[in-house]
Each structure stands twice: as structure tokens, then as C-alpha cells.
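First comes the structure, then the notes that go with it.
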Amino acid sequence: MNETFSPIVAGAMLWGQWGRKLDTAGMSELIRHFLNNGITSFDHADIYGGYTTEEQFGNAFVHSGVSRQAVQLISKCGIKMVSDNRTHRLGHYDYDLNYIISCCERSLQNLKTDYLDLFLMHRPSPLMEGDVIAEAASQLLAQGKIKSFGLSNFTPTQTELVRKYIPVSHNQIEFSVTHHSPVTDGQLDHMLLHSIRPMAWAPLGTALKDESPDNRRIRKVLDALSEKYGVDHDILLIQWVMRHPSRVIPVVGTADYHRIMKLRQATEFRMELEDWFELYVAGMGHPVP
């Protein structure tokens, strides 16, 4: 399976206008901090920050002085969201040949690079045509503008509609203790069968967000496991995701310097079988069948 990316990926969605509103210096410093802590892969999408975050990151990357060869850049296209920076009148999906190619080229320009390490189709469209997507990706691969091609939020059957025409290297999906359906609905099984490497967005789920009965039940288990493994709750939740045999790569959204320094811990131990199932049962709210 593909080993191009760091074991944990930094998600940049909230670095700009949708979240922290970091300036060039702040983003530049954050890039270097991730690299200093072993995270070299950065996840983007054209829409982040209302179509502004990619360019801000690109400026910050140049400012950082980090070598392009030291990092891996991921981006996505296909969602057309309503924004002051675009002219379409409603949100929809677009997988037209020329649109896919132009999105990639714009991401390259924004990120100040001549290639993406991975280019993903962001969400499936009911009107997408697998052969058209494949033709666009094939052209970009042949031109060296992307190193690998994948999908995001695609079901197994939607993946097959594309994979009929072109190999798929990755599929980025939602997966966590509180969104655990990929282990039973065939998503992760399908990726294992076809050597597609999963990436997981929101790997912490909602377990640490509020005091709901479900989250209190999960945190009771986390408390005991935290004492056993000597790591914090967030590290346990990330390791739980990584423990799956499909070798899931978590995409983490944190920009907190202290939490970033701890993330490496999730790669330094392997959760025991019964501990994994104890968290799974806590997430489900009932014993395994």
C-alpha cells in the first residue's frame, strides 16, 4: 500500500477564514511546527475558507522556506459552493472534464507548486460520469500535475463507477468511534479488497465535544484506557482509527501546538484487541451482535 504520506495528515480546513484566521506568519510557523513533529502531509480543498485558504497556505509555505520535497500536498475539487469568490447561484457538484482540470491547475497556482501529491474528487455527484473523471485524472497524471488520484466520501459502488476506468489510490471518509459505520457498511472492507488507502476526516468524532449520555459513556472508557496507556483521550481516539487493518490515515484538524506535539504518540503503541472493542461497544451503545 501507498506510503507516500505521513502516518497522520494535517487538515488545513480551519486555518483560514473558516476558523483560526491565521496570517501568513502564523500559517508559516504552523507548517514548520507540524514538520518538526513528524507530520509532513497537508490536506486542502479548493472550497476551504470560501476559496481562500489554499492561496493563503501557498503564500505561507513560500514564506516558511520549507522545501517542496519535504512535504506532501493534497487537495480536492468537485463541490461548487456559493461564495463571493464565485459566480454560480447555488451549491452543486461539477465533474466536467475541463472543470476538474481547471480546478487542479488553480490549486497548483494557489499552493505555489507544480504538482499535487494527491488529488481527490471531494464528494460524489448523482450526475458524475466515471469515464470523464478518469480522463481528467489521466491527463493530469500524464502531465505530472498530480502524483496520485483518489476520492473523498465515495461509497463502494460509487468508487467502482470510477475505478472501472482508472485506479483509485485513496478514499477520504468520515470515520471515528462516534461515526463507526465504515467498519460494517462495507467501506473499509472494499478499500482493503482493492488496495485503496483510507484517510479519515474528523477522527475524534464528537466524543470530546459535549456531555451527552453517549459521550459520557465513551469518556468513561477513555479514562480507564488513558491510565493504562499513559496518553490523553485524543491520542486514544486516533489510535483506535489507525488500529483498523486497512491502515487508516487520520486527518487531524488541530492547530494547537501542544496537541500537535502529542500526535506522534498515536503511532508509538498498538491498542490491544479488547480495548479496541471496548471503545467500539461504547460508541455503539450496545454489545457486539
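The values are calculated or read from the model by the stated rules, or taken from the named source; none is laboratory data. None of the values given here were measured: they were computed from a predicted structure. Quick reminder, even Gly has a Cβ in these numbers, built from the backbone with ideal geometry, and neighbours come from all protein chains shown. Just the protein is used for accessible areas: all its heavy atoms, side chains included, with ligands, DNA and RNA removed. Shrake-Rupley method; radii C 1.70, N 1.55, O 1.52, S 1.80 Å.
Summary table
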| item | result |
| --- | --- |
| For region 257-265, Karplus couplings with θ = phi - 60° (6.51, -1.76, 1.60), whole Hz, Gly/Pro x | 4, 5, 5, 4, 5, 8, 4, 4, 4 |
| Estimated FRET transfer efficiency when R0 is 22 angstrom, pair Q17-H258 (beta carbons, to 0.05) | 0.35 |
| For K80, distant residues with modelled amide H under 5 Å away | H92, Y93, D94 |
| Y229 accessible area, 1.4 Å probe, all protein chains in place, Å² to nearest 10 | 50 Å² |
| Whole-Å distance, taken between Cα centres, linking region 48-85 and region 222-282 | 28 Å |
| Contour excess over end-to-end distance, with Cα ends at H179 and N98 and 0.36 nm allotted per residue | 25.7 nm |
| Solvent exposure, largest accessible area first (probe 1.4 Å, DNA, RNA and ligands not counted), of K147, K164 | K164, K147 |
| Calculated Rg and Dmax of region 62-138 using C-alpha coordinates, Å | 14.0, 42 |
| Spacing of the two label points (7 Å from each Cα toward its C-beta) at R86 and A224, in nm | 4.7 nm |
| Label of the coordinate-derived value, mean projected area of the Cα convex hull in nm², listed as (i) 17.6; (ii) 15.2; (iii) 12.9 | (ii) |
| Kyte-Doolittle mean at least -0.5, axial Cα span of 15 Å or more - DSSP H helices of the chain | 24-36, 97-111, 130-142, 273-284 |
| Area of E29 that stays accessible when all protein chains are in place (1.4 Å probe, Å², to 10) | 90 Å² |
| Solvent-accessible ranking of D214, D117, largest area first, probe 1.4 Å | D214, D117 |
| Of all DSSP beta bridges in the chain, antiparallel share, percent nearest 5 | 5 percent |
| Using distinct alpha-carbon pairs, which all enter the 1/r mean, Kirkwood radius of region 100-201 in Å | 14.1 Å |
| For Q72, residues with placed amide H under 5 Å, excluding near neighbours | S41, F42 |
| Cα centroid separation - region 105-167 against region 5-45, whole Å | 22 Å |
| Charge sum, other residues only, whose C-beta stays under 11 Å from A45's C-beta, Lys/Arg counted +1 and Asp/Glu -1 | -1 |
| Unmatched cysteines, the chain - criterion: no other Cβ of a Cys under 4.7 angstrom | C104 |
